[in-house]
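One structure is given below, encoded as structure tokens.
The values are calculated or read from the model by the stated rules, or taken from the named source; none is laboratory data. As the structure is a prediction and not an experimental result, all values here were calculated from the model. Positions of Cβ are backbone-derived with ideal geometry, glycine not excepted, and every protein chain shown enters the neighbour counts. Accessible surface areas use protein heavy atoms only, side chains included; no ligands, DNA or RNA. Shrake-Rupley method; radii C 1.70, N 1.55, O 1.52, S 1.80 Å.
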Amino acid sequence: MISDLMADPVAVAKMDKIVALCKRRGFIFQSSEIYGGLNGAWDYGPLGVELKRNLKDYWWRSMTQVRDDIVGFDGSILMNRAVWQASGHEATFSDPMVECLLTKKRYRADQIEPQSGTAYYYKGFKANSSVPQDKSNPLDDGQSILSTETALPFAVLVPKGKPEASAQKTARQYYEGRVQATITDLILDRSEVVEKSTSFNPENGSLLSEPRTFNLMFKTYVGPVQDESAITYLRPETAQAMFVQFKNVLEVSRKKLPFGIAQIGKAFRNEINPRNFTFRSREFEQMEVEFFVKPGTGPEWLEKWKEERLAWYEAIGIPRAKIHVLTVPDADRAFYSQGTYDLEYEFPFGVQELEGIAHRGNYDLKQHQDHSKKPLEYFDEELKQKYLPEVVEPSAGVDRTVLAVLCEAYAEETVKDEESGKEETRVVLRFVPRLAPIKAGIFPLLKNKPELVEKARGIQKALQPLMKVAYDEAGSIGKRYRRIDEEGTPFGITVDFETLEGAKEASVSATGAPIAAGEKETVTLRHRDSMKQERIAIADIPAYLLARIA
RNA sequence: GCGGGCGUAGUUCAAUGGUAGAACGGUAGCCUUCCAAGCUACACACGAGGGUUCGAUUCCCUUCGCCCGCUCCA
């Protein structure tokens, strides 16, 4: 499914344009760009930081302000190493990998099915060679056409009873894939019967590489002495700090179950392969709630949270139809999970996860209670008993959601100039106003008319304490409108000659109030999405805008 | 990490073993009465390092980054 979308040249081109726009307008830059960048790290520019803040603020208000069963929290990134030992990250957040020498495919070493059979070990091969066998050896000019022997150990496992010929076939494939030469003979070293070996690829019998470990946590040292006792990790998720502080937060917040803890913060994963712009980064930000509920009520809260979160995405401009709810199958679920929904968005590069909503049972609290030897139970006054609550965790990626918002907002449309009939492409970011980095652009129609400039500056000053606005007087008014379109600014306010001279004819203000002919102190209000213009009284602007950006 | 492709202004694209060009965009000025108008000027690039060479953006090596595939994705 993903590869189908990846292959779509329109989608790829759209993604390229979004990336270019992000840089051009200052949403997102590559980290440490002047030094060649750093794979999997990104910086948010002047517009990007506003967008990201607006997104986080809205999440924060949704969780901690408009509901009273969740309290906020901000945990440290560095924690006692014991946290990661108790959570299981230190032991399991790493994968021993092996590689098939023949196909170069990689497998989890612990998922290789043990094989039995006869293993044929080869020392190398003889070939009539006319090309270099060793590209790194400058003395090997590749001009030799002598029959040469090349040492390159390899092995193939074949089922018991099968002849060596089938092993030779695989070995020839391996050698021929590495040299452009006619292989005349294989040099057999030995053969032996093996039982339950995990050294060979079950799919083709090819020898596998030695297992190598990929630890996804960034290891670091606390304090000046870099020895074993100083090791800890940059947190790979924000969740653990909330579990570890469960008792403290519960105590001071005077909450009863069900209740939750909300946190927004950075997390770090040493991903094998960061990809797709900011989608998979090594440093990223999470928005997570740990919602603690009575034992047995986890499943129903899982459903509630799924609906809650879907509604939230609609409120930031991502339609429900673009969100795919994946019920994660048992086999793919993390071991602690008793049920997980993934909310996925249709990115141009494929359908990918924005948020995981997991019913984690009491796994985390139990682990920390066992390891710390500190009781983390909740006393239920109603039931007169102590228990470990279950946890439902809606865990969303901030950067991924920002990217989804950008992808969803990006639009190109063909607009026709009415005078010249000339067609042009208008690029516009249709952010919902509450997320837009800049809420309004403020313009004097002409910059060489001091009265217009002065009035526009006055409106700017009046709005600045209330919201992020931008003043611009450069170039033609049309150019300035197009510029704010690309930045996703929903409203344009233009001070024109009607502002100074009074309205030419009677009309209706954007607020619905009548405007009499000759009335002064009105400006043009221009809408980003429709490009429609209407008039509004200067005095009404703050209330009008505030009602639309909440 | 493996395999393949690719790195020239912010963007799109030229040219070249011997001073790197354009368009759009940007900045400033003039002008401009509502959707990227016009004029003038200015700034901005051969991803980085090394090698070959009298001279390298061009050839070679390394490295970094990007894209595609594999893999991974607590």
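Points to keep in mind about this one:
- The alpha carbon centroids of segment A:344-363 and segment A:380-444 are separated by 17 Å.
- Which of A:Gly475, A:Tyr221, A:Gly458, positive extreme of dipole for chain A (C-beta unit charges): A:Gly458
- Here's how it looks for A:Lys447: its modeled amide H is under 5 Å from none belonging to a residue 5 or more places away or on a different chain.
- Gain on full extension, evaluated as 0.36 nm per residue between A:Gln65 and A:Arg81 minus their Cα-Cα distance, stands at 2.5 nm.
- Test item: Cα-centred dipole of chain A, Lys/Arg +1 and Asp/Glu -1 on Cβ, debye: 580 debye
- Listed residue (A:Gly441, A:Gly265, A:Phe284) projecting farthest to the positive dipole end of chain A, Cβ model: A:Gly441
- Ranked by the mean number of other Cβ atoms within 10 Å of their residues, highest first, the peptides A:115-127, A:233-245, A:280-292 come out as A:280-292, A:233-245, A:115-127.
- Kirkwood hydrodynamic radius over Cα pairs of chain A, then Stokes diffusion coefficient at 20 °C and 1.002 mPa s, in µm²/s: 75 µm²/s
- Among complete DSSP H helices in chain A, those whose alpha-carbon atoms stretch at least 15 Å along the helix's long axis and whose mean Kyte-Doolittle hydropathy reaches 1.0 are A:398-409.
- Sites A:Ala547 and A:Glu382, calculated FRET efficiency, Cβ-Cβ separation with R0 41 Å, nearest 0.05: 0.45
- For segment A:363-466, the relative contact order works out to 12 percent when only alpha carbon pairs closer than 8 Å and six or more residues apart are counted.
- Chain A, helix-only ellipticity at 222 nm - DSSP H runs n ≥ 4, -39,500 (n - 2.57), divided by all residues, nearest 500: -8500 deg cm²/dmol
- Under 5 Å, built H, 5+ apart or other chain: amide partners of A:Ala503: A:Gly518, A:Glu519, A:Lys520
- Within chain A, DSSP assigns beta bridges of which about 90% are antiparallel (rounded to the nearest 5).
- Averaging the sequence gap over all C-alpha pairs within less than 8 Å and six or more residues apart, then dividing by the number of residues, gives segment A:58-112 a relative contact order of 17 percent.
- Ranked by how many other beta carbons lie within 10 Å on average, peptides A:256-264, A:384-392 from highest: A:256-264, A:384-392
- Measuring against 23 Å, Cα to Cα, the residue pairs A:Lys162/A:Lys196; A:Lys56/A:Lys479; A:Lys219/A:Lys306; A:Lys126/A:Lys160; A:Lys160/A:Lys196; A:Lys17/A:Lys52 contain A:Lys56/A:Lys479; A:Lys219/A:Lys306; A:Lys126/A:Lys160 as the ones spanning a longer distance.
- Of the residues A:Val193, A:Ala331, A:Phe243, the one whose Cα sits farthest towards the positive end of the charge dipole of chain A is A:Phe243 (charges of +1 on Lys and Arg Cβ, -1 on Asp and Glu Cβ, taken about the Cα centre).
- A Cβ-based charge dipole, computed about the Cα centre of segment A:290-331 with Lys and Arg at +1 and Asp and Glu at -1, lands at about 120 debye.
- Annotation: segment A:391-447 has a Kirkwood hydrodynamic radius of 14.8 angstrom, from the mean reciprocal C-alpha pair distance.
- Long-range amide H partners of A:Thr489 with built H, under 5 Å: none
- Rel. contact order, % - alpha carbon contacts under 8 angstrom, at least six apart, chain A: 12 percent
- At full extension, A:Glu192 and A:Lys447 could sit 83.0 nm farther apart than now, given 0.36 nm per residue minus the alpha carbon distance.
- Computed with a 1.4 Å probe over protein heavy atoms only, the accessible surface of chain A comes to 50 Å² per residue.
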